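The structure appears right after this line, and notes come after that.
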Amino acid sequence: MEGEKRPMQLRFPRMPEQLTRADALILDYISNNTEGFLFSSIGQLARALGLSEATISRFVRHVGCSDFKDLKQVVMRQAAFDGPAGKIAATLNEGAEFTLSSWVARQQQNLQKTLEGLDEGEFAAAVRALLAARRVFIHAKSASASLGQLLFFRLRRLGIEVALLPSGGSEVLEGLAQVRADDLIVLFSFSKLSQEGKMILGYRKEAGYQTLAFISRAFVPEEERADIQLFAYRGEAKEYHSMTAPAALVDALVVAVSEQMGEASVENLSRLYHMKKTYAPNR
């Protein structure tokens, strides 16, 4: 039938001439439920098939793999799915079982790689551009939308005039029609430049505004370059892409802008605090 998912034709380091009933059951499950297998622990797989963990381990050795993690790596290399599921599966199957401490350590590495790849001159230019702009417009879509909202919230609290551009389609053009030469557009363009990003960069020559882009690529073609670029490391191409470093970079920008604003930022925050105490005391 059209749209029906076909089982994977798997290849293993060693394939026994004769499969036991349990071997055949495990192989059938992996072939027909590849994504589910890649997200399962050995215990979860055993329970799903009504087998013991020892039986699963024997199958692993029968097909020439050293352990269950090695088996998942062999399957992962042959899996043809991409997107978020493929990325998180690749991340989970890289090494030892997931732990909070190992994940935090990975985020520390992401932050360190961001520091190594970030041009401090570009960061300083970004701070100056945010301070000099008449208005700041932010474009962020999909997973980056949360970062756009964070930057919007923080800048507005400092008293900076800021607005969110529509996230997708031709509505972006309606927002761009409001942008003037002394404005700044911030866009999040990590893995590739979106169609909306192309609109924003394409129209800047005519409108004369500046652009600031958050990127995670070491190389960006000239035609896709913003005026200012801030690098944030999110992980390798085919693994789960973390937002830890970009979020830290957003906060760093806001703190640096606040420092440059001096008393003005303190006054804005104090005014907001007073208004909340007066008009929304229970919130």
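Please treat every number below as a calculation from the coordinates, not as lab data. Because the structure is predicted, anything quoted here is derived from the model rather than measured. Cβ placement follows ideal geometry from the backbone for every residue including glycine, while neighbour counts extend to all protein chains displayed.
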> Measuring from centroid to centroid over Cα atoms, what is the spacing of the range 140-206 and the range 243-278 in Å?
Replying inline: 20
> What nm value, rounded to one decimal, do you get for the distance between R11 and Y279 when each label is placed 7 Å out toward the C-beta?
Replying inline: 6.8
> Can you count the Lys pairs in the chain whose Cα atoms are under 19 Å apart, with each pair 8 or more apart or on different chains?
Replying inline: 10
>> I want the local charge near L193. Using Cβ-Cβ distances under 15 Å, sum +1 for each Lys or Arg and -1 for each Asp or Glu among the other residues.
In response: +1
> Residues with beta-carbon under 15 Å from that of R154, excluding R154: net charge, scoring Lys, Arg +1 and Asp, Glu -1?
Replying inline: -1
> Counting pairs of alpha carbon atoms under 8 Å apart in space and at least six apart in sequence, what relative contact order in percent does the range 107-279 give?
Replying inline: 28
> Among the GluC sites (Glu not before Pro) within the range 150-211, which fall in a DSSP loop and have no more than 15 other Cβ atoms within 10 Å of their own Cβ?
Replying inline: E161
> Taking the mean number of other Cβ atoms within 10 Å as a proxy for protection, how do you rank 148-156, 214-222 from highest to lowest?
Replying inline: 148-156, 214-222
>> Under the 0.36 nm per residue contour assumption, what length would be gained going from the current alpha-carbon distance of S66 and N32 to full extension?
In response: 10.0 nm
> Which one of V186, Y273, S258 is farthest out on the positive end of the charge dipole of the range 165-283, using unit charges on Cβ (Lys, Arg +1; Asp, Glu -1) and the Cα centre as origin?
Replying inline: Y273
> So, counting K/R as plus one and D/E as minus one, what does the shell of residues with Cβ under 15 Å around K205 add up to?
Replying inline: -2
>> Need one word for the range 107-279: rounded, prolate or oblate. Basis is the Cα gyration tensor (sqrt eigenvalues a ≥ b ≥ c); a/c below 1.5 gives rounded, then a/b vs b/c decides.
In response: oblate
